[in-house]
There are 2 protein chains.
Amino acid sequence: MTALYAVIMAGGRGERFWPLSTGKLPKPFIQLLGPASLIQDTVARIQPIVPLERVLISIGPSHLDIARRQLPQIPAGNFIVEPVGRDTSACIGFCALHVERRDPEGLILALPADHFVSDPDGYRKTIELGLDSLEGAAGVVFGIRPDRPETGYGYIRAEKPAIAADAWPVVRFVEKPDASTAAQFLASGSYFWNSGMFLWRNRILLDLFERHMPETGLGLGELRLLLAEGGSGPEISRIFSALPRISIDFGIMEKTRGLRLVPAQFVWDDIGNWASLGRALSSDSMGNIARGSHVALDSSGCVLYAQTGKVAVFGVSDLIVVEAYGKVLVCSKDRAADLKRLVTALGPEEG
Amino acid sequence: MTALYAVIMAGGRGERFWPLSTGKLPKPFIQLLGPASLIQDTVARIQPIVPLERVLISIGPSHLDIARRQLPQIPAGNFIVEPVGRDTSACIGFCALHVERRDPEGLILALPADHFVSDPDGYRKTIELGLDSLEGAAGVVFGIRPDRPETGYGYIRAEKPAIAADAWPVVRFVEKPDASTAAQFLASGSYFWNSGMFLWRNRILLDLFERHMPETGLGLGELRLLLAEGGSGPEISRIFSALPRISIDFGIMEKTRGLRLVPAQFVWDDIGNWASLGRALSSDSMGNIARGSHVALDSSGCVLYAQTGKVAVFGVSDLIVVEAYGKVLVCSKDRAADLKRLVTALGPEEG
C-alpha cells in the first residue's frame, strides 16, 4: 500500500483571536474549543490513519518552539521550517520535497492546522474516500456542502457523478462571491466550499508545480538539490524567499484538469473569527456561546470566553467578550472580522 | 478654641462596583479615581483642618484590617468598630460617645468615606463656613446645589438668608423625589442635595438622640457606662445590636428644628455606581471615561476600568467594562444601578 503523509500547515496570524491569539501565539496554538489547541486537535484527528512518523508540521521559525512543545509526540525531524511565509504553494511544495525524500511514491494530504471538525470519524472516512478516488485523478479536493450563502469562502463547482458514491469531477474554482452569487451557489447544489484540504500523489503534485508554476518549480528543483546535499539554512532561506507568494488554489488547482471533489461527511468550520465560534460551540437558551467561567444575565447573542478569570455580562447583546492573559476584548459581533484594525491600534507588541 | 473631631463612616457594601469592590473590599477601600482609595482621599482632604489624632474611623469588624492597612497614620485607638451595621444613627451615636470621652465640649463632623470631591480647598472652606454657622444652631448640614433633576438623592429645602454669606435655615428634609418633583426642586433654587455630611456640637447631638430617638438614647447611655468601665466586646455588641436600624436623617435630622445649611463650594458626587464615574472623571472626544490601560476604537459613551490588565473595546457604545482581580464586567450603562442583581447571580463568594 502506498504510504500517506499528512502535511499540517501551521501558518496563520494572531490578529483575529486577540487577546487569546497574538503574533507569538497564532491561531493554531490557542485553546479555542477545548483543552487541546487547534493543531493538537488536528494531529489527534488524523492519527488513526496517518502514523506520527508520517505527519509533517509546516511551521515558521518563530513558532517552532511552541509547536514542538505542543506536539512532543511528533519526531523532531518532521517539523519543516518555512524560512519565511510564502503562502500555501511554497509551503506545500517544500513539504512535497521532504515527502519525496522519504518515499518517492508517497501520497500527500495537506491540512490546515486551525479548522473545526465536528466528527472525527466522518472526517477520517472522508479522507479514506479521497484515497479511493485518487486513482486516475490529478488530485482530490475536499468540499463542504454550503448551508448558508457565505461570502467569506472560496467555492468549487463540481459535477454530480452518475454513481452517488463516486467523487465529483471538479469543474472550476470560484473566488469569494458576492451575496447574490453566493445565494445562487447555495441553491444550485453544484457548489461546495473549498475546505483548503487537498490530496495528491506527491509525484504528480511536483509535476503540477513544474507545469503550472514554473518559477516555483525551478526553485523547488534547487531546494531539492540543497536538501540532498545537506545544504545550509541560509542557502535554503535565500531560495525559499524568492518563491512567488501565491496560494496553491491560485497557483495550481485553478489550472489543473482532472481534479475530483469528495464531499465532506462532517460539519466543518474554519472559525475565521470570534463571531464564528458560535458555529462550533452550542449556545444557551439566549443564544450566548461561552467557554470558561461566566455569568450572562439579561444578555443574548454574546460570545464569552474566559481563559483563567471570570466574565460577567449584564443587559447586553451581540457582543464578543474575551478575557485572556489579563487582557479584555469587548467587540461588537459585526466587527469581529475586522479585528485586525483594533490590534493595529493596540500597537506592535500586541500584533 | 473648641476641638473638632471628624468621624469618617466607612460602612457600605461591595456590590455596585463589582468586580473592583466586593464584600471583603467595599467601596471606601477601592482605588476608583486615582492611586489612593476613596477613604484615603477623604482622610487626606480633611487633614489640614482636623489633626489625625482627632480623626475617628467608624468601621465594621470584617474591614478593620484593611482600614488599618490603608490608614497607618491614624492612631490604632481611633478605629471605632461597629459590632454590626445599624445604619448611620447608631454609627454616629457610638462615635459621639467616643468624642465625649475625649472632649465633652468637642464638635463632631460626620463624613461619608466614599464620596468624590473636586476641590479640596473649597471643601475645607465649606467646612469652615459650617464651623462659623454652628453658633446658636442645632446643627449644620452641607447641601449640594443640584445641577440636574436627580431622583437618586435625598433633598433638603432651605430658606435663602437675608445676608448672602450666612447659612440657610433648614425648612425640611425630603426623600428621593420622582422625576417631575426633582425638576421642580431644581428650578426652585431652594432645594439642595443632602450630602450626608453633618456637623454638630457633640453635646447637642447626644441631646438630640435622647429627645428624638429615645430608644437609641437609652442604648447609648448603657454603652457610655460600658466604655467608662472598659466593658467587654460581647457586652457592647449585645447592646449595639439592639439599637434601631435607622439613618440619622430619618431618626434625628428630619425632626430637628434650628438646623442650618451651608451650600457646598465644591463639586460633589457620591459616585453611586460605575455609570456615575463619568461625573468625576473627564471623558475623551467620544464620551468615553477610562482609567488604566485601554484602547477604544469606534466606541462611544463607555466607562472603561483596567486594574492591572488592558481593556480594548471596538464598535460598542454605552457600556461599562471593568477588569479587576482577573474578573471582567461588561454591563449596559443603564443597568449600572442594578448591579446587585448580577452580583447575586454570581453567587455568595462574589458578594
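The values are calculated or read from the model by the stated rules, or taken from the named source; none is laboratory data. It should be emphasised that the depicted structure is a prediction, and the values quoted were computed from it without experimental measurement. Glycine also receives a Cβ, built like all others from the backbone with ideal geometry; neighbour counts cover every protein chain displayed. Protein only, heavy atoms only, side chains kept; ligands, DNA and RNA dropped before computing areas. Shrake-Rupley method; radii C 1.70, N 1.55, O 1.52, S 1.80 Å.
Consider A:Ser332 carefully, then state whether it is out of contact with any Cys (no Cβ under 6 Å at 6 or more places or on another chain) and open to solvent by 50 Å² or more (accessible area, probe 1.4 Å).
Spelling it out, it is not the case that A:Ser332 is out of contact with any Cys (no Cβ under 6 Å at 6 or more places or on another chain) and open to solvent by 50 Å² or more (accessible area, probe 1.4 Å).
Looking only at region A:123-137, filter to residues that are under 21 Å from A:Glu254 (Cβ atoms) and in a loop (DSSP other than H, G, I, E, B); which one of those is most open to solvent (accessible area, probe 1.4 Å)?
A:Gly136
Please pick out the residue among B:Leu243, B:Leu227, B:Leu223 that is under 20 Å from B:Cys95 (Cβ atoms), open to solvent by less than 40 Å² (accessible area, probe 1.4 Å), assigned to a helix (DSSP H, G or I) and touching a Lys or Arg at 6+ places or on another chain (Cβ under 8 Å).
B:Leu227
Among the residues of region A:44-76, what is the count of those that are open to solvent by 70 Å² or more (accessible area, probe 1.4 Å) and within 24 Å of A:Gly93 (Cβ to Cβ)?
Total satisfying the criteria: 4.
Which one of these is over 23 Å from A:Ile246 (Cβ atoms), open to solvent by 50 Å² or more (accessible area, probe 1.4 Å) and in contact with a helix residue (DSSP H, G or I) (Cβ under 6 Å, 6 or more places away or on another chain): A:Pro104, A:Pro120, A:Pro169, A:Pro146?
A:Pro120
Among the residues of region A:313-328, how many are over 15 Å from B:Val303 (Cβ atoms) and among the aromatic types (Phe, Trp, Tyr)?
1
Just for region B:172-195: of the residues that are in contact (Cβ under 8 Å) with a residue 40 or more places away in the chain and out of contact with any helix residue (DSSP H, G or I) (no Cβ under 8 Å at 6 or more places or on another chain), which one is most open to solvent (accessible area, probe 1.4 Å)?
Here the answer is B:Leu186.
Considering region B:248-262 alone, what residues qualify as being under 17 Å from the mean Cα position of the chain (by Cα) and open to solvent by 10 Å² or more (accessible area, probe 1.4 Å)?
Passing the criteria: B:Asp249, B:Phe250.
All but one of (1) among the aliphatic types (A, V, I, L, M); (2) touching a Ser or Thr at 6+ places or on another chain (Cβ under 9 Å); (3) farther than 23 Å from A:Asp41 by Cα hold for A:Ala137; state the number of the condition that does not hold.
(2)
Take B:Leu205 and decide whether it is in a helix (DSSP H, G or I) and farther than 22 Å from B:Leu134 by Cβ.
So B:Leu205 does not fit the description; no.
Which members of region A:263-279 meet the condition of being touching a strand residue (DSSP E or B) at 6+ places or on another chain (Cβ under 9 Å) and open to solvent by 10 Å² or more (accessible area, probe 1.4 Å)?
Scanning region A:263-279 gives A:Pro263, A:Ala264, A:Phe266, A:Val267, A:Trp268, A:Asp270, A:Asn273, A:Ala275, A:Gly278, A:Arg279.
Condition test on B:Glu105, is it in contact (Cβ under 8 Å) with a residue 40 or more places away in the chain and farther than 23 Å from B:Asn194 by Cβ?
So B:Glu105 fits the description; yes.
Taking the stated definitions as given, is B:Ala312 more than 27 Å from the chain's Cα centre (by Cα), among the aliphatic types (A, V, I, L, M), more than 24 Å from B:Arg45 (Cβ to Cβ) and open to solvent by 30 Å² or more (accessible area, probe 1.4 Å)?
Here the answer is no, as B:Ala312 does not meet what is asked.
Does B:Arg13 qualify as being within 23 Å of B:Leu346 (Cβ to Cβ) and open to solvent by 40 Å² or more (accessible area, probe 1.4 Å)?
Here the answer is yes, as B:Arg13 does meet what is asked.
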